[in-house]
1. Considering each of A:301, A:242, A:282 in turn, give the residue that is hydrophobic (A, V, I, L, M, F, W, C) and over 26 Å from residue A:142 (Cα atoms).
2. Considering each of B:12, B:50 in turn, give the residue that is out of contact with any Leu (no Cβ under 7 Å at 6 or more places or on another chain) and surrounded by fewer than 18 Cβ atoms within 10 Å (Cβ to Cβ).
3. So for region B:366-374 (the condition being facing another protein chain (nearest Cβ under 10 Å) and part of a loop (DSSP other than H, G, I, E, B)), does at least one residue qualify?
4. For residue B:204, indicate whether it is out of contact with any Asp or Glu (no Cβ under 6 Å at 6 or more places or on another chain) and more than 10 Å from chain A (Cβ to nearest Cβ).
5. Give the residues of region A:300-336 that are surrounded by 21 or more Cβ atoms within 10 Å (Cβ to Cβ) and closer than 20 Å to residue A:378 by Cα, sorted by residue number.
6. Could you check how many residues of region A:197-232 are among the aliphatic types (A, V, I, L, M) and in contact with a helix residue (DSSP H, G or I) (Cβ under 8 Å, 6 or more places away or on another chain)?
7. Restricting to region A:35-70, count the residues that are facing chain B (nearest Cβ under 7 Å) and either closer than 12 Å to residue A:7 by Cβ or crowded, with 23+ Cβ neighbours inside 10 Å (or both).
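What follows is calculated from the coordinates using simple rules that are stated; it is not laboratory data. Please read these numbers as outputs of a predicted model, since none were measured by experiment. Virtual Cβ from ideal backbone geometry, glycine too; neighbours counted across all protein chains shown.
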Amino acid sequence: MSKALVCPCEDVTFDNLDHAVSHGHTDIESIKRFTGFGTGMCQGKSCMPAVSAYLHRKGLLPPEAQAPFTARPPLQPTRLAVLASDPVPAQEPPIGGTPPTIELSTPALKPDGQVPARAKIVIIGGGVMGLSLAHNLALRGETDVVVLEQGYLLAGATGRNGGGVRMQWGTAVNVGLARRSIELMKGFAREFGINLWLRQGGYLFLAKSAEVADRLEKSVAVQNAMGVQTRLIEQSEASELVPDLSLRGVRVAAFNPDDGVIFPWPFLWGYAQSCKRHGIAVETFTRVTGFKQSGAGITHVVTDRGEIACETVVLAAGAWSPPIAQLAGVTLPNQPHRHEICSTEPLKPFLGPLVSVLDSGIYFSQSMRGEIVGGMGDPLEPAGLQMGSTMRFASRYASALQELLPTGGNLKILRQWAGCYDVTPDHNPVLGRTPGVENLLQLNGFVGHGVMMAPAVGERMAAWMTGAAPDDDLFTRFNLQRFIDGRLEKESMIIG
Amino acid sequence: MARLSSSASGRRVSVDLDGRTIEAREGEPLAVSLVDAGQLLLSRSVKYHRPRGAFCMAASCGNCLVRVNGVPNVQACRVAVHDGMRVERQNAYPSARVDVFGFIDWFFPRGMHHNTILAGVPVAEQVMARVARQLAGLGTLPDLPARPLADAQSLQVPVLIIGAGPAGLAASQVLTEAGVNHVLIERDHIAGGRLNAGPLEAGAPPLDLPPANTLWTSAQAFGVFEDAQGRFVAVEHQSIEGDRLVRIYAQALLLAVGGHARIIPFENNELPGIFAGRAATRMIRRHGVLPGRQVALVGRGEELAGVHASLAEAGITPVVTLDLGVPDAPGPTPSVGIELGALLAEPIRALGRAKIRGLNYRTPDGTDRRVSCDALVLALPPSPSYELASQLGAQVDFDPAQETFRVRADGSGATGVPGVWVAGELLGPCSAQEAAGSGQRAARAILAGEAAR
């Protein structure tokens, strides 16, 4: 059939570009994510200029707003075996990042005009947390809301997420939030008209050391008490689940068939669309530069596009939350930590569950498109808002993945990227009120797992904020005061 | 197809293509041997199962992926033929020619929107998710574990030049004459770039190779990173001893990596048998393989003239030559001017099912015409390969006149990023001679910097 293709790798047509623009995706990074152009084997070499040429010809994007999407390493599909041949120094922390700076916005993309002069509620951060909250506020009839996002939609951690969603947590409260979230994800397409591509292939957790095995077993007991169907399984059953997997040295394996993977991007598109439908402004490319305060509260949020007079401010800026809180004189205990991730070429389905080794923190799953998407935390990663990629990660991950998937050495990494975890001292979020600044509400500190919690957290926070559930203890138990009071409960099932 | 008798090809060997024995030439890129054997159709595309075949012959597209010796998604243009090589087409059932999933392309004549298709439709949604998962992806896991590589090496060198085309070679010559130790890496298995793979052009500099220990061929720079020793370029180097990962730490980096084949919008613009201009000249000049017997040529500017000349030298008179004109000043390229073609507002259209059979186009006076052809060559200036420069922090601008991105640099090729210079077609379309000139200027600027240190 007659089609004109702009990205033959992913079968993206020139018509798809028009479709993306008509849906409000008018910058390169957003069009890339909405259409998928540039995410195939050529890594954007042939399609990127073709997209820009087309947008230029049609007058859809001025030349000064044309910046190619981030040139991610590797520049050529590179085999795991090649990357794994680089010995990784055990004591040398990751240094720098490629590219050195990642632009989330450029002046040319800043919308014309000012932000609304006033709103009852201003939500800072247009990631999955902020938008889930905005959507849920709208469902409860509260639409006098403005959401501020510093870059394009998906510029932050939501867009950099690996897509794993699981109920296998170490505390009852997190198990409950995740279970409710997955329930809401199941109905997401019906509710929003956008596919989230939830695939419940399960999570297979592996533990190698005795200490980690003990931790895994304890968390399974917590989950079972909550009615989650996680089972400790024999090696033989794990081998049946993933026949290509090497289980050498594995002591304990846990499997919950109801966990799975989603495609994180449609989350934001769905929530943002809902906000728009309800008259909630989502102001992208808009940076918060300060606050005006009076007494014990914020009166105005100051942005680079004007001020917004408001009654309540919600800080949902993920890893960017601490510097923004600082603008209001509030110190958060959170610290940003880069987490790197990568994707291979797409393969026919062979991997049902997401597999994670708790000891090393490696995790990998197969996306709906067939890529192996995975990451691995680095114990030496220093704190900082760094989103560049390192070869250290690529080498560590390639070695670990090759060990788990022995026939994978000739698979190729197509792109690596990074996002920032918003890490709290007890690995639990920061929610609820701020001591000393009464109308500043916290919705951050999700330690890299916000995407799988956001549907439920947004639902409960909207109920709490609108008075439907004023006594919800989620917002006192995990408030900022707990760090002062020393009421910390450690979440043990953090990976990545 | 046909192979020019004058060409110096490797020894005749056999490869197995989906159970059929195909004659190929040892050491030649597999994609080139397959074109020579008339095997244009290499796979079906990931979503619509459209036919795919080699397009750029230079690893800048994903159209020639095949399974080679049990390894999926190998770029056929990057792998050298050996006797007994096992080649399988991917993503087609029962065969690439008669692929039952080809119906998807017909079922969605205007394309499908994966974000919203059947979203929330009860039952259909679940069925679709299952079907979509089964249809997604190319190829299956490799048959065997990879052969482990020897440990990566590190190399410190004052200057690293990336790309051994006219700009890189000329820069290397300047450095050699000045006695500056440097390494010149080239991802192809031979040096030369456009000098022996590009369009014929008057005034192109001769191909002078640097000393053997300076030039590394089959060396692919795949990224620039940092560690405790400083900034390094990560290079995958293939040699007789096996593949090796090398970290090259250089005080000065000169990027002369040229450009990528461009995609322009017209119907069926990716049918097998459609080649980038430099894919055609590469096949002809390096391997003596013709892109087709009845070749249609579409393009603009000096690139069109050069490809036309290269085809002519190989004895090919195009069945039609269409000049797209320059984007901002519609009109013919004076040096070609054979027949005015339609501008993109009145697009050409490629015809054919499993491979190209013809071309529809409209002349400037409004007449619709159709020609039969078995190859279509798109001769447009390459689009600068800015990616490595961008990773190094160099500024990349959109050039509305050329409709491409290009790296911002001063007259000497300095990018403003300490120790990073660019030369050649990274700075925009230029002749081989101009590319060599920019390589020399950058090398002299690097020398001046060295002297000042």
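1. Details: A:301 fails: over 26 Å from residue A:142 (Cα atoms); A:282 fails: over 26 Å from residue A:142 (Cα atoms).
Exactly one residue qualifies, and that residue is A:242.
2. Numbers: B:50 fails: surrounded by fewer than 18 Cβ atoms within 10 Å (Cβ to Cβ).
After ruling out the rest, the residue left standing is B:12.
3. Within region B:366-374, the first condition is being facing another protein chain (nearest Cβ under 10 Å), and the residues that meet it are none.
No; the residues of region B:366-374 include none that is facing another protein chain (nearest Cβ under 10 Å) and part of a loop (DSSP other than H, G, I, E, B).
4. Numbers: out of contact with any Asp or Glu (no Cβ under 6 Å at 6 or more places or on another chain): yes; more than 10 Å from chain A (Cβ to nearest Cβ): yes.
For residue B:204, the condition - out of contact with any Asp or Glu (no Cβ under 6 Å at 6 or more places or on another chain) and more than 10 Å from chain A (Cβ to nearest Cβ) - is met.
5. A:318, A:319, A:334, A:336
6. Quick first cut of region A:197-232, residues among the aliphatic types (A, V, I, L, M) only: A:198, A:204, A:206-207, A:210, A:212-213, A:216, A:220-222, A:225-226, A:228, A:232.
Checking which are in contact with a helix residue (DSSP H, G or I) (Cβ under 8 Å, 6 or more places away or on another chain) leaves us with A:198, A:204, A:206-207, A:222, A:225-226, A:228, A:232.
Residues flagged as among the aliphatic types (A, V, I, L, M) and in contact with a helix residue (DSSP H, G or I) (Cβ under 8 Å, 6 or more places away or on another chain) within region A:197-232 amount to 9.
7. Selection size over region A:35-70: 12.
Yes/no per residue for (1) over 30 Å from residue A:268 (Cβ atoms); (2) among the β-branched types (Val, Ile, Thr); (3) within 9 Å of another protein chain (Cβ to nearest Cβ):
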{"position": "B:100", "(1), (2), (3)": "yes, yes, no"}
{"position": "B:126", "(1), (2), (3)": "no, no, no"}
{"position": "B:140", "(1), (2), (3)": "yes, yes, yes"}
{"position": "B:145", "(1), (2), (3)": "yes, no, yes"}
{"position": "B:149", "(1), (2), (3)": "yes, no, yes"}
{"position": "B:154", "(1), (2), (3)": "yes, no, no"}
{"position": "B:164", "(1), (2), (3)": "yes, no, no"}
{"position": "B:170", "(1), (2), (3)": "yes, no, no"}
{"position": "B:178", "(1), (2), (3)": "yes, no, no"}
